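Undergrad: Below you will find the structure I want to go over with you.
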Amino acid sequence: MPKKTSAAVFLDRDGTINEEVGYLDRLDKLRLLPGAGEAVQLINRSGMKVVVITNQSGIGRGLFDEVFVGAVHAEMSRMLGEAGAVIDGFYFCPHHPTEGIGGYRRSCSCRKPAPGLLLRAASELAIDLSRSYMIGDMAKDVEAGQRAGAKGILVRTGYGKDMEAGSSAPDHIASDILDAVRWILGQGKTR
Ligand SMILES: [Mg+2]
Ligand SMILES: [Zn+2]
């Protein structure tokens with residue numbers, strides 16, 4: 001029997017779920033954007049999975065370590081939990097092709113715009129990419145989603161505030177994560 005798959009909403013982290021602060025290297029810099037909790041809760045209720053996909057080259061650059069990133073994700077889960085929202089998985093790329101130190105310096109297949117993290121999550125969590133979406137504030141998020149076979153949505157928070165619409169070819173542009181999720185759930189109704 002083939003494994004039952006579900007659709008997912010992949011979320012970029014910084015500038016999409018939480019405020020863009022440059023390198024998030026202290027827990028007290030973690031602040032959720034307005035609507036993030038409600039957005040994740042709406043996805044939870046729809047039956048789609050919610051997976052965070054984030055480039056964290058600060059690890060490779062030696063600014064913080066993988067344990068710290070795990071602590072950020074635990075704190076994010078706690079904050080979202082207060083809104084009744086649950087993240088099903090966190091996937092991060094610690095590499096950088098030129099600025100990484102030691103083994104972190106490499107051209108990898110997981111740093112967005114490469115689709116590696118989405119492909120890994122899809123395999124581990126039984127996700128049907130063709131029914132899935134990637135939401136992010138940068139062209140590389142949209143591209144990673146599309147290269148994985150999902151739809152890419154650009155949000156106008158974080159770096160997305162000043163992005164030229166022509167610099168990526170998103171399937172949709174939304175004002176923020178909640179607006180994006182409402183659009184996704186509306187799509188489901190017309191299929
Ligand atoms: Mg971002
Ligand atoms: Zn990587």
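Undergrad: For the chain, which whole percent of the accessible surface, found with a 1.4 angstrom probe, sits on carbon and sulfur atoms?
TA: Numbers: 4540 of 8770 Å².
That fraction is 52 percent.
Undergrad: Follow-up. Among D65, D162, what's the order by accessible area (1.4 angstrom probe), most exposed first? Mind dumping the intermediate values first?
TA: Numbers: D65 85, D162 125 Å².
Result of the area sort, largest leading: D162, D65.
Undergrad: Could you tell me what percent of the DSSP beta bridges with both partners in region 8-190 are antiparallel, to the nearest 5? Before the final figure, lay out each step's value.
TA: On the way: 1 of 22 bridges.
Bridges in region 8-190 are about 5 percent antiparallel.
Undergrad: Can you work out the base-10 log of I(q)/I(0) for region 8-190 at q = 0.09, 0.15 1/Å, using the Debye formula on its C-alpha atoms alone?
TA: The Debye formula, applied to the Cα set alone, gives -0.28, -0.82.
Undergrad: Find how much the distance from I101 to R78 grows on full extension, using 0.36 nm per residue of separation minus their present alpha carbon separation; answer in nm with one decimal.
TA: Numbers: separation 23, 0.36 × 23 = 8.28 nm, distance 3.13 nm.
Extra length available between I101 and R78 comes to 5.2 nm.
Undergrad: Which whole-percent values make up P(r) of region 76-153 when all C-alpha to C-alpha distances are grouped in 5 Å steps starting at zero?
TA: Once binned at 5 Å, the Cα pair distances of region 76-153 give 3, 15, 20, 21, 19, 15, 6, 2, 0.
Undergrad: Mind giving me the FRET efficiency for L27 and V86? R0 is 30 Å, r the Cβ-Cβ distance, nearest 0.05 is fine.
TA: Values: r = 20 Å, r/R0 = 0.67.
It comes to 0.90.
Undergrad: Leaving out ligands and nucleic acids, note down the accessible area per residue over the chain with a 1.4 angstrom probe, in whole Å². Write out the running numbers ahead of the final one.
TA: On the way: 8770 Å² over 191 residues.
Ligands and nucleic acids excluded, the figure is 46 Å² per residue.
Undergrad: Apply the Karplus parameterisation 6.51 cos²θ - 1.76 cosθ + 1.60, with θ equal to phi minus 60°, to every residue of region 145-152 and state each ³J(HN,Hα) to the nearest whole Hz, in sequence, with x for glycine and proline.
TA: Computed from phi, the couplings for region 145-152 are x, 5, 5, 7, x, 9, 8, x Hz.
Undergrad: Per-residue counts of other Cβ atoms within 10 Å, averaged by peptide: what ranking do you get for 143-150, 87-94, highest first?
TA: Details: 143-150: 22.1, 87-94: 19.6.
My ranking of the peptides, most packed first, is 143-150, 87-94.
Undergrad: Placing unit charges on C-beta atoms (Lys and Arg positive, Asp and Glu negative, everything else neutral), compute the dipole magnitude of region 66-191 about its Cα centre in debye, rounded to 20.
TA: Details: 15 positive and 15 negative charges, 71 e Å.
So the magnitude is around 340 debye.
Undergrad: Here's a follow-up. When only the heavy atoms of the protein chains count and the probe is 1.4 Å, how do K140, K161, K112 rank by accessible area, highest first?
TA: Working: K140 60, K161 140, K112 5 Å².
So, going from the largest accessible area down, we get K161, K140, K112.
Undergrad: Could I ask something else about it? Quick one: if you stick a label point 7 Å off each Cα along the C-beta vector at S109 and A126, how many nm between them?
TA: Label-label distance for S109 and A126, simple model: 2.4 nm.
Undergrad: Can I ask one more? Test of understanding: in a Gaussian network model of the chain with alpha carbons linked when under 10 Å, which of A126, A174, A85 would top the mean-square fluctuation ranking?
TA: Result: A126 has the largest fluctuation of those listed.
The values are calculated or read from the model by the stated rules, or taken from the named source; none is laboratory data. Keep in mind it's a predicted model, so treat the numbers as computed, not measured. Because the Cβ atoms are built from the backbone with ideal geometry, glycine has one as well, and the counts that use them run over all protein chains shown. When the accessible area is computed, the model is the full protein with side chains, heavy atoms only, and any ligands, DNA or RNA have been set aside. Shrake-Rupley method; radii C 1.70, N 1.55, O 1.52, S 1.80 Å.
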